[in-house]
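The values are calculated or read from the model by the stated rules, or taken from the named source; none is laboratory data. Values in this document were obtained by computation on a predicted structure and should not be read as measured data. Using ideal geometry, Cβ is built from the backbone for each residue, glycine included, and neighbour counts are taken over all protein chains shown.
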């Protein structure tokens, strides 16, 4: 990865909360401007690339929302989010968001289209054994 990009990896679980997500990400950000509204983000001349694995794992609330995902959606929609204590809006700059998730089922949930609309979606089907043998066989033959 280019030296101007700094990766941050975060894996969601069924118990991941919006507070945990906000605290973890804010712990990585630097203050870029203290004037109101404050700006937070990657160090100057850098960009954070935040990779969220298992993005569809957080449990749904009673009404179907997934708070960690809604927090990320707030950033994507409004380029920031509100501080829980001061209720001030903090802008976020120089942050890219990448997410991965498996198909719904087995603890994974459908994700809101309001969140998904911010991403270019790629889907890969699971390979059968013959295709895996062909792909890995070709790779191994080229080395031996």
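Those residues that are exposed (fewer than 15 other Cβ atoms within 10 Å of the Cβ) and over 14 Å from residue 95 (Cα atoms), I need them from the stretch 28-52; list them, please.
Within the stretch 28-52, 33, 34, 35, 36, 37 meet the criteria.
Does the stretch 58-70 contain any residue that is surrounded by 14 or more Cβ atoms within 10 Å (Cβ to Cβ), modelled with pLDDT of 95 or more, under 24 Å from residue 6 (Cβ atoms) and touching a strand residue (DSSP E or B) at 6+ places or on another chain (Cβ under 8 Å)?
Taking every residue of the stretch 58-70 in turn, none turns out to be surrounded by 14 or more Cβ atoms within 10 Å (Cβ to Cβ), modelled with pLDDT of 95 or more, under 24 Å from residue 6 (Cβ atoms) and touching a strand residue (DSSP E or B) at 6+ places or on another chain (Cβ under 8 Å).
Being in contact with a helix residue (DSSP H, G or I) (Cβ under 9 Å, 6 or more places away or on another chain) and surrounded by 14 or more Cβ atoms within 10 Å (Cβ to Cβ) is the filter; apply it to the stretch 110-132 and report the residue that is farthest from residue 52 (Cα to Cα).
112
Collect the residues in the stretch 94-109 that are in a strand (DSSP E or B), modelled with pLDDT under 95 and surrounded by 13 or more Cβ atoms within 10 Å (Cβ to Cβ), keeping them in residue-number order.
108
Do you know which residues across the stretch 2-27 are over 13 Å from the mean Cα position of the chain (by Cα), under 12 Å from residue 46 (Cα atoms) and loosely packed, with under 13 Cβ neighbours inside 10 Å?
If the condition is that a residue be over 13 Å from the mean Cα position of the chain (by Cα), under 12 Å from residue 46 (Cα atoms) and loosely packed, with under 13 Cβ neighbours inside 10 Å, then 2, 3, 4 are the ones that fit.
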